[in-house]
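Every read-out reported here was derived from the displayed coordinates using simple, explicitly stated rules and does not represent laboratory data. These figures come from a predicted structure and were not determined experimentally. Glycine also receives a Cβ, built like all others from the backbone with ideal geometry; neighbour counts cover every protein chain displayed.
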Amino acid sequence: MKPIPRHVLPVIVFAQFAGTSLWFAGNAIASELQQAFGLAEGATGNLTSAVQLGFITGTLVFALLSIADRFSPSRVFFACAIAGAFFNFCINWLASGLSSLLAFRFLTGFFLAGIYPVGMKISADWFAKDLGKALGWLVGALVLGTAFPHLLKAFGTSFSWKMVVAATSSLALLGGVLLFFTVGDGPNRSPARKFEWGAIPHIFRSADFRAAAFGYFGHMWELYAMWAFTPLLLIAYNETHGTSLPVALWSFVIISAGSLGCVVGGYFSSKKGSPKVAFAMLLTSGICCLLSPFFFMLPSAIFILFLLVWGFSVVGDSPQFSSLVAKTAPTEYIGTALTIVNCLGFALTIVSIQLLSKLQFQLAAIWWFLFLAPGAVFGLASIYKLLKR
């Protein structure tokens, strides 16, 4: 078998980051959109939810139709990069109020379904033997992009929101072009021969696949809620202890620590295997959930160090769970498997975030993250089945 060209992984990582910048951009310019269109205070949260809902809808449709398995993944990625860039740019061009903004953000999220999970499918087709390491780099770049809006908020930016929209649309388009023309489909691709309504039930019949998928679901219950409430936890810490921790800056550092966790976990997966790395990372983040009330009462230096460990581990298992999903799925339905698992996982994030949103007005901040621990417990119980085998 021919060696994989050196440019393949860097281009996939860049293309994924470029494509999903359409997602990150909404967080970076949310306050500017609120002012420009005269939106109510709660409307910015609705814009974020619109992208999430669009992504969940898109992944469900793509999974039901087995798009990434029946058609060339690189062509799907390219087409969705074009469509996502177009609807993102429509904010500059056609948006006139909240309804149109919600529609364009929903459609952008819909076509992200052909970028994020399909990018992982392309990685699986190229790096079948060392997928955990490859996905470690890929997800690590995405984590850094997720944290980036907090850095913009910390230092401010001289760029107008329209320039940010135009730049992210151009970046997404560039990523799609580079991936399609310089990488293409991997040598291990095994396309589905025909459309089957029963593809998803067929995928879930595998006990190993269910173990990997359920582990991922437990991980997702914790991940996005932890990210969403980290700034609020830091604010509550400042109010409780009379400190002045820079919330936006530390939010960026804590969340971006996860990119290092993904890369380090990827390298360890080559030696120890993805199940062990995923279990260790999820166990660490689950322990952090349970110990969060204790560390909330400690001096700020120790509290920040604790959050850095949590930020490192809370997403460090994500690429390994995705690797296990790809490896335990039928070879002709790897794309469908990754897509439906993403769909269900992101749907769970909405539930856990809404739960903490309700609890923040009923409980002190010190207790919030205890309610994320059941996700870690469920995920650990699921992935332990793979460890035993």
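Things worth noting here:
- Computed over region 203-388, the range of Cα coordinates on each principal axis works out to 56, 34, 26 Å, biggest value leading.
- Translational diffusion of region 8-201, µm² s⁻¹ [Kirkwood Rh, Cα pairs; Stokes-Einstein; 37 °C; 0.692 mPa s]: 192 µm²/s
- Sum of -39500 (n - 2.57) over DSSP H runs of 4+, divided by residues of the chain (222 nm, nearest 500): -26500 deg cm²/dmol
- Straight-line reach from Lys162: taking Cα to Cα under 29 Å and skipping same-chain neighbours fewer than 8 places apart, the lysines in range are Lys153.
- Formal net charge of residues neighbouring Ser285 (Cβ-Cβ distance under 12 Å; K, R +1; D, E -1): -2
- Whole-angstrom gap from region 349-382 to region 136-205, using each part's C-alpha centre: 28 Å
- Annotation: peptides 81-93, 161-173, ranked by per-residue average of other Cβ atoms within 10 Å with the highest first, follow the order 81-93, 161-173.
- Axial C-alpha extent at least 27 Å, average Kyte-Doolittle at least -0.5 - helices from the chain (DSSP): 8-28, 43-64, 73-93, 131-155, 161-182, 207-241, 247-272, 274-296, 334-359
- As an equivalent ellipsoid, region 284-352 spans semi-axes of 34, 13, 8 angstrom, where each value is the square root of five times an eigenvalue of the C-alpha gyration tensor, largest first.
- Environment charge of Lys271, counting only residues whose C-beta is closer than 14 Å and scoring Lys/Arg +1, Asp/Glu -1: +3
- When you restrict to C-alpha pairs under 8 Å that are six or more residues apart and normalise by the size of the chain, the relative contact order lands at 26 percent.
- Cα-based reach from Lys121 at 27 Å (exclusive), listing lysines while leaving out same-chain residues under 8 positions away: Lys2, Lys129, Lys133, Lys194, Lys271, Lys272, Lys276, Lys327, Lys385, Lys388
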